[in-house]
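Data block below; observations after.
The values are calculated or read from the model by the stated rules, or taken from the named source; none is laboratory data. This one's a predicted model, so the numbers in the text were calculated from it and none came from an experiment. No Cβ is skipped: glycine too gets one built from the backbone with ideal geometry, and neighbour counts run over all protein chains shown. Heavy atoms of the whole protein, side chains included, go into the accessibility calculation; ligands, DNA and RNA do not. Shrake-Rupley method; radii C 1.70, N 1.55, O 1.52, S 1.80 Å.
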Amino acid sequence: MKEPHHRKKAGIGMIMVAASLALIGILQISIGPDVLFGDTIQRQQVADFEDCKVNGFQEPQCAKWIDEMQLQECRENKDTESSECWKYRMWVIMDQELEEILKNAQNEE
C-alpha cells in the first residue's frame, strides 16, 4: 500500500480554514456591538456628499465627488473624445460594449 502524499496539502488547507474563521471572529468582535456598521459608513458618506454639495465642492476632500459626477456625465453622454472625459474613456467604452453585448443577447432570444 502506497503512503499518501496529500497530507501536507490537507494540513495547509485546514490551517487556512482555521485562520479565516479566526479572522471572521476577530472582525465580529471588533464590530459586534454595532450591528449597523455598513449602514453607518453609508450614512457618513451621504453626509459628506451633502456637505460638499452645499459648499459647491470647493474643499479638497470633495475632489472624489467631482470625479464621480464627471464620470457619470461622460457615461450618460457616451463621450470618449472631449478633454473632460478623456481619463474616463475606458469606462465609457466598456459601458458601450456591455450595452452592445446585452442588446445582442436580447436579440438572440
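General remarks:
- Cα-based reach from K78 at 27 Å (exclusive), listing lysines while leaving out same-chain residues under 8 positions away: K53, K64, K87, K103
- Of the trypsin sites (Lys or Arg not before Pro) in segment 1-69, the ones in a loop by DSSP (not H, G, I, E or B) with at most 11 other beta carbons within 10 Å are K2.
- Computed over the chain, the per-residue total of -39500 (n - 2.57) for DSSP H runs of n ≥ 4 gives a 222 nm mean residue ellipticity of -24500 deg cm²/dmol, rounded to 500.
- Candidates Y88, Q58, A10 compared by Cα position along the dipole of the chain: farthest toward the positive end lies A10, with charges placed on Cβ.
- Note on exposure: D39, D51 ranked by accessible area (1.4 Å probe, complete protein assembly) read D51, D39, with the most exposed listed first.
- The chain: most fluctuating residue of M69, M94, M14 per GNM, C-alpha cutoff 10 Å: M14
- Only one residue of V35, L23, Q70 has its Cα farthest out toward the positive end of the dipole of the chain, where Lys and Arg carry +1 and Asp and Glu -1 on Cβ, and that residue is L23.
- Simple Cβ-charge dipole of the chain, Lys/Arg +1 and Asp/Glu -1, about Cα centre, in debye nearest 20: 1080
- Subtracting the Cα-Cα distance of L23 and R43 from their residue separation scaled by 0.36 nm leaves 4.6 nm.
- Among the DSSP helices (H) of the chain, those spanning at least 30 angstrom by Cα along their long axis with an average Kyte-Doolittle hydropathy of -0.5 or more are 7-31; this is a geometric and hydropathy rule only.
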